[in-house]
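Here the structure is laid out as structure tokens; the discussion comes afterwards.
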Amino acid sequence: MKIARHFAALLLSLPLAGLAEAQDALRGQALAERWCANCHVVSRTATTGRSDGLPTFPALAARKDVTAATLKGAMTATHSRMPDFQLGARDQEDLVAYIFSLRTQ
Ligand code: HEC
């Protein structure tokens with residue numbers, strides 16, 4: 001009985017966690033389209049990017065060395081031609097959630 005209840009609670013909590021993550025990623029996508037798409041290819045569906053060697057977001061997501069910490073670092077340090085967006089913590093989290101949602105595996 002105890003195990004069954006535990007299992008039910010687990011089943012209930014899974015979709016909720018997934019939903020919150022999806023919402024963060026959705027918000028992150030809107031931020032990316034607004035603030036990052038001028039320079040970066042931000043969507044998974046784009047097959048061609050700018051030819052100036054800027055990392056696309058799907059490419060960043062695929063890189064093994066890219067973590068939430070390195071992404072946030074890149075967002076906050078003004079990377080060369082990138083303006084200082086003064087992104088808040090929430091915005092950074094959501095952008096990271098969006099970029100990681102592009103991971104294929
Ligand atoms: C004005 C152009 C511009 C905009 C807008 C821009 N970036 Fe960049 N970004 C660059 C350039 C140029 C690079 C290449 C690295 C460099 O030159 O420092 C880069 C690289 C990166 C990298 C990779 C760093 C690495 O480790 O390779 C990340 C992550 C990144 N940008 C995130 C973002 C995010 C998130 C946004 C939106 C909030 C954004 N960028 C908006 C120009 C831009």
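Stretched out straight at 0.36 nm per residue, the stretch from A77 to Q23 would grow longer than its current Cα-Cα span by 16.9 nm.
Taking K and R as +1 and D and E as -1, what net charge do the other residues with C-beta under 15 Å from the C-beta of A62 add up to? Neighbour charge sum, excluding A62 itself: +3.
Read-outs: derived from the displayed coordinates by stated rules, not from any lab. Keep in mind the model is a prediction, meaning the values are calculated, not measured. Please note: Cβ atoms are built from the backbone with ideal geometry, for glycine as well, and neighbour counts cover all protein chains shown.
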